[in-house]
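Colleague: This structure is in structure tokens; I'll ask about it shortly.
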Amino acid sequence: MMEMHYKIHEEVRFVKGFMRAIAYDLNRCDYDFLPNSLVDILHKYNGNSLLYLEKALIAIANKTIAKEYIDFLIKKEYIFIIEREYINQFSCLNLEFNLPSHIFTAIIDIEDTSMVANYKIIEQLNDLGCKHLLFRFSNQFDIERINVFLSKYKTLGFHSIGIWMYSLPLLNTKNIKAFCMQNVKINKISIFNHKINKQNNFKTVEIQFYKANWTDATICLANRNNFHINITLFLESLTYNPYFNKKIYIDKKGFISNAPYCMIFGNIKTTNIASILNEDFKFLWAASKDKTFICKDCEYRYMCVDNRIPKKSNNGMFFFENGCNYNPYIARWKDQEGYVPVEECGTYDREAGFVPGKTKIAELNKRIWCEGDN
Amino acid sequence: MILIVSSHDDFSTNEIIDWLLYYKHPFLRISQDDLIEIENIEIQNNDVEFFFQVKGKRFSNKNFPSVWYRRSWLSFAEFNIQCPKIKSVFNQSIHNQLLSEKNVIYNFVNNNLFRDSINTPFDCNINKLLVLQIAKKIGLVIPYTKIITRKKDLLALTKKYNKLITKTQTGGVFVGSSREKLNTLTLEVSEEMIAEMPDRFFPTLFQEQIEKKIELRVFFLENQFFASAIFSQYDKQTSVDFRNYNFKHPNRTPPYMLPHDIQEKLKQLMSALHLNSGSIDLILSSGGEYVFLEVNPIGQFKQVSKPCNYHLERLIAKRLIDKDKE
Ligand code: SF4
């Protein structure tokens with residue numbers, strides 16, 4: 001029989017973290033945890049005989065486990081098996097990320113609609129290829145007023161619109177539904193200051209009610225329940241910071257920045273948007289997780305979108321002032337047993353970055369992963 | 001300027017237009033809903049120029065060195081020929097004459113406008129059987145194919161081939177209304193199906209079912225190939241026709257490079273069919289042969305472009321821009 005070779009499916013990307021790896025299943029939008037040692041072997045022999053893989057796996061585990069791994073990898077279609085002569089016909093996935101947009105996402109706070117109209121904010125964004133808008137309306141806007149505002153922009157080429165609004169007296173399910181029917185591009189509505197927290201979807205629109213005021217919802221740290229695995233986010237995250245890349249924020253007074261709480265680059269009343277899109281403005285776009293201390297050691301780094309503002313250190317890397325809910329050095333989330341903050345796992349310096357304390361980490365991991373299982 | 005003829009809701013067209021906007025390149029997009037009013041057609045020495053109005057503006061065919069045909073067709077305003085009110089033989093023959101005149105002009109304008117375009121409205125008319133014949137002549141392997149009208153012939157064929165499939169001789173189309181749907185994708189021929197068939201039936205195409213390692217969907221653009229391997233054989237729902245998409249558990253579709261000799265034969269085939277772009281379906285059989293199935297002139301390149309990240313939308317946009325500058 002012909003010798004069979006294996007190959008990793010290009011739509012599956014094995015991403016190593018400090019402690020463990022994740023198999024990103026980009027076309028089935030799912031993921032699995034794997035040991036780093038398995039990923040090393042899979043990469044090392046990728047395209048080679050299945051026997052090599054088997055042998056290498058037996059060397060780190062035993063025959064039964066090796067067989068189980070291979071069965072698992074084949075069953076999940078993480079790898080496939082084919083005769084050697086065809087292996088080289090399978091080419092690599094192009095990892096380039098590109099969008100036909102100078103700005104892709106815009107967050108616009110709205111208090112004064114005449115400012116939006118006079119300075120042609122929406123038209124300018126449309127000309128820049130913007131596809132996603134998030135309007136955050138002040139408490140002066142009931143659903144009827146929002147509807148009137150949106151009606152002016154229906155013919156423009158946006159793909160989706162999100163709405164943040166206040167829960168005002170006349171708001172009810174009936175008029176929300178009518179509003180969604182009239183504005184087919186709306187994909188998400190967040191309603192703040194509501195009596196209760198609830199979610200009430202209508203067709204493809206996600207409608208979320210919050211008791212909180214909307215300023216409270218602006219900090220969103222990495223949260224494993226909100227992670228998405230898809231090819232677009234993965235590719236974007238390889239090179240860019242997916243929260244900041246091609247994003248713009250215009251506040252209620254017309255000040256332009258990358259996102260809420262970021263540095264101001266000008267005001268819509270005196271500057272047009274295209275003219276501020278210079279290298280300084282795009283600085284945060286390049287703060288990929290690979291170029292960010294701690295995140296670069298995290299296996300979630302190509303599915304994680306968080307809105308902390310990266311700061312530049314002197315050696316071309318970025319760092320965050322606030323810690324994350326996840327510690328990649330022990331693979332533990334804050335709400336999990338055994339979690340300790342990253343700072344306790346080594347020495348952290350804004351210039352040198354995080355230097356893992358090997359003994360300390362080994363000790364912690366032994367406690368969490370070995371003793372905990374007993 | 002670039003001319004794009006496509007239905008107004010075609011998503012792939014929108015994506016290409018996003019790139020044209022990004023590169024700030026002028027274009028005109030029309031569909032059958034935009035009436036074209038021909039002003040005049042002048043036949044010069046070795047050139048033709050005609051002026052027309054569409055979408056409230058005046059153009060000449062010379063404005064459009066770069067043309068992309070995707071979907072839809074050109075609608076001409078003057079050709080709204082009314083049926084005669086009084087039905088006499090004379091009126092009817094005048095009416096027929098007008099229709100013939102119309103066709104001459106329609107064809108002439110189409111021929112000229114789409115002379116160097118990427119795809120043309122005529123591409124859709126290719127005869128699938130002729131394509132198989134030419135493919136075979138060029139040396140591509142095709143499945144054993146027979147068009148049958150008698151049950152006894154079909155039964156004889158089932159003895160010869162383990163498994164048979166049947167498909168339309170046109171393209172796969174969705175026939176039906178919201179209540180009833182007829183799936184015209186490729187079907188495996190079952191014993192029950194044969195049992196229900198009458199002794200004589202409408203000429204139907206049957207092919208041997210090729211046992212496959214993988215299916216290949218290839219987008220072809222001006223002698224370049226962009227292929228994706230479809231691992232459909234693991235999935236019952238898609239193993240006969242991968243267009244029976246399984247949305248919950250999509251097939252793996254990694255990028256694939258066709259061997260050189262297959263590329264050369266496909267180039268010959270596309271050239272013989274006068275196609276500069278299209279989607280080609282092949283199978284890599286379990287015996288290791290590349291088996292040619294069919295070509296769809298106006299194929300869906302998105303299914304190849306997105307999972308393999310080929311950026312075909314940008315490539316087509318750039319190609320159109322280059323043609324405009326040539
Ligand atoms: S460490 Fe970085 S990449 Fe990992 S979860 Fe936290 S923010 Fe995301």
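Colleague: Could you pull out every residue, at least 5 positions away or on a different chain, whose amide H is within less than 5 Å of the one on B:S66? Hs are placed 1.01 Å off N in the peptide plane, and Pro or chain starts have none.
Modeller: Excluding prolines and chain starts, which carry no amide H, the hits are B:L3.
Colleague: DSSP loop GluC sites (Glu not before Pro) in region A:1-104 with at most 13 other Cβ atoms within 10 Å of their Cβ, which ones? Provide the component values of the computation, followed by the final result.
Modeller: Details: sites: A:E3, A:E10, A:E11, A:E54, A:E68, A:E77, A:E83, A:E85, A:E96; in loops: A:E3, A:E10, A:E11, A:E77, A:E96.
The qualifying sites are A:E3, A:E96.
Colleague: Where Rh is the Kirkwood radius over the Cα pairs of chain B, the temperature 10 °C and the viscosity 1.306 mPa s, what D in µm²/s does Stokes-Einstein return? Numbers along the way, then the final one.
Modeller: Numbers: Rh = 22.4 Å.
For the chosen part, D equals 71 µm²/s.
Colleague: Could I ask something else about it? How big is region A:4-89 by the Kirkwood estimate over distinct Cα pairs, in Å? Display every interim value, and only then the final one.
Modeller: Working: mean 1/r = 0.0769 Å⁻¹.
Over region A:4-89, the inverse of the mean reciprocal pair distance is 13.0 Å.
Colleague: Moving to a separate point now. Checking the table A:K289/A:K311; A:K154/A:K177; A:K120/A:K246; B:K152/B:K213 against a 21 Å threshold on Cα-Cα, which pairs fail? Can you show the working numbers first?
Modeller: Values: A:K289/A:K311 12 Å; A:K154/A:K177 18 Å; A:K120/A:K246 19 Å; B:K152/B:K213 32 Å.
From A:K289/A:K311; A:K154/A:K177; A:K120/A:K246; B:K152/B:K213, over 21 Å: B:K152/B:K213.
Colleague: Please find, in a Gaussian network model of chain B (springs between Cα atoms separated by less than 10 Å), the residue of B:N14, B:N46, B:N112 whose mean-square fluctuation is greatest.
Modeller: B:N46
Colleague: Right, here's the next one. Let me spell out the model: positive unit charges on the Cβ of Lys and Arg, negative unit charges on the Cβ of Asp and Glu, origin at the Cα centre of region A:181-297. What dipole size does that give, in debye rounded to 20?
Modeller: On the way: 16 positive and 8 negative charges, 92 e Å.
Its charge dipole is roughly 440 debye.
Colleague: Using DSSP to define loop residues, name the trypsin sites (Lys or Arg not before Pro) in region A:228-293 whose beta-carbon has at most 15 other beta-carbon atoms within 10 Å. Don't jump to the answer; show the numbers that get you there.
Modeller: On the way: sites: A:K246, A:K247, A:K252, A:K253, A:K269, A:K282, A:K289, A:K291; in loops: A:K246, A:K252, A:K253, A:K269.
Hits after loop and neighbour filter: A:K252, A:K253, A:K269.
Colleague: A further question follows. For region A:157-167, in order, what is each residue's ³J(HN,Hα) by Karplus, 6.51 cos²θ - 1.76 cosθ + 1.60 with θ = phi - 60°, in whole Hz (x at glycine and Pro)?
Modeller: Once θ is set to phi - 60°, the couplings for region A:157-167 become x, 5, 8, 8, 10, x, 10, 10, 8, 8, 7 Hz.
Colleague: Filter the GluC sites (Glu not before Pro) in region A:255-358 down to the DSSP loop ones having no more than 13 other Cβ atoms within 10 Å, then list what survives. Working shown, then result.
Modeller: Details: sites: A:E279, A:E299, A:E321, A:E337, A:E343, A:E344, A:E351; in loops: A:E299, A:E321, A:E337, A:E351.
In loop regions of region A:255-358 (DSSP not H, G, I, E or B), the sparsely surrounded GluC sites (Glu not before Pro) are A:E321, A:E337, A:E351.
Colleague: Right, something else. If the cut-off is a Cα-Cα distance under 24 Å, which lysines reach B:K85, setting aside same-chain residues fewer than 8 apart in sequence?
Modeller: In chain and number order, the partners are B:K102.
Colleague: Rounded, prolate or oblate: which fits region A:207-320 when a ≥ b ≥ c are the square roots of the eigenvalues of the alpha-carbon gyration tensor, with rounded for a/c under 1.5 and prolate only if a/b beats b/c?
Modeller: Judged from the Cα gyration tensor, region A:207-320 comes out oblate (a/c at least 1.5, b/c at or above a/b).
Colleague: Could I ask something else about it? Quick check: Cα centre of region B:15-63 to Cα centre of region B:122-175, how many Å?
Modeller: That distance is 39 Å.
Colleague: With θ taken as phi - 60° and the coefficients 6.51, -1.76 and 1.60, list the Karplus ³J(HN,Hα) couplings across region B:153-162 in order, rounded to whole Hz; mark glycine and proline as x.
Modeller: Per residue, the Karplus-derived 3J(HN,Hα) values read 5, 5, 4, 4, 5, 5, 6, 7, 10, 4 Hz.
Colleague: Suppose we keep just the DSSP beta bridges with both residues in region B:2-123; what percent of those would be antiparallel, to 5?
Modeller: Details: 10 of 21 bridges.
Bridges in region B:2-123 that DSSP calls antiparallel: roughly 50 percent.
Colleague: Could you give the dipole magnitude of region B:2-123 about its Cα centre, charging the beta-carbon of Lys and Arg +1 and that of Asp and Glu -1, in debye to the nearest 20? Walk me through the numbers on the way to the answer.
Modeller: Values: 12 positive and 15 negative charges, 47 e Å.
I would put it at about 220 debye.
Colleague: On to the next question. Scan around B:Q209 for amide H atoms under 5 Å from its own, H built in the peptide plane at 1.01 Å from N, and keep only partners 5 or more places away or cross-chain.
Modeller: B:K163, B:L164, B:I165
Colleague: Same structure, new question: Nearest 5 percent is fine: what portion of the DSSP beta bridges confined to the protein assembly as shown is antiparallel? List each step's numbers first, then the result.
Modeller: Numbers: 82 of 120 bridges.
Around 70 percent antiparallel, to the nearest 5.
Colleague: Which whole-angstrom value gives the distance between the alpha carbon centres of region B:259-326 and region A:1-80?
Modeller: 32 Å
Colleague: Now a separate question. I need two numbers for region B:188-232: Rg to one decimal and Dmax as a whole number, Cα atoms only, in Å.
Modeller: Every Cα atom of region B:188-232 included, Rg and Dmax give 17.0, 46 Å.
Colleague: Along the positive direction of the dipole of chain A (beta-carbon charges: Lys, Arg +1; Asp, Glu -1; about the Cα centre), which of A:F209, A:T105, A:Y329 reaches farthest?
Modeller: The residue sitting most towards the positive pole is A:F209.
Colleague: Now, a different point. For chain B, what does -39500 (n - 2.57) per DSSP helix run (n ≥ 4), summed and divided by total residues, give at 222 nm, in deg cm²/dmol to the nearest 500? Intermediate values should be presented prior to the final figure.
Modeller: Values: 8 runs with 98 residues, N = 326.
Mean residue ellipticity, 222 nm, calculated: -9500 deg cm²/dmol.
Colleague: With +1 assigned to the C-beta of every Lys and Arg and -1 to the C-beta of every Asp and Glu, and no other charges, what is the dipole magnitude of the protein assembly as shown about the Cα centre in debye, to the nearest 20? Don't skip to the end; give the middle numbers.
Modeller: Values: 89 positive and 78 negative charges, 185 e Å.
For the protein assembly as shown, the charge dipole is close to 880 debye.
Colleague: Which semi-axis lengths, in whole Å and largest first, follow from the square roots of five times the eigenvalues of the Cα gyration tensor of the protein assembly as shown?
Modeller: Numbers: eigenvalues 476, 318, 117 Å².
Equivalent-ellipsoid dimensions as semi-axes: 49, 40, 24 Å.
No lab work stands behind these numbers, since they all come straight from the coordinates. Small disclaimer: the values here were computed from a predicted structure and weren't measured. Note that we place each Cβ from the backbone using ideal geometry, even for glycine, and neighbour counts take in every protein chain shown.
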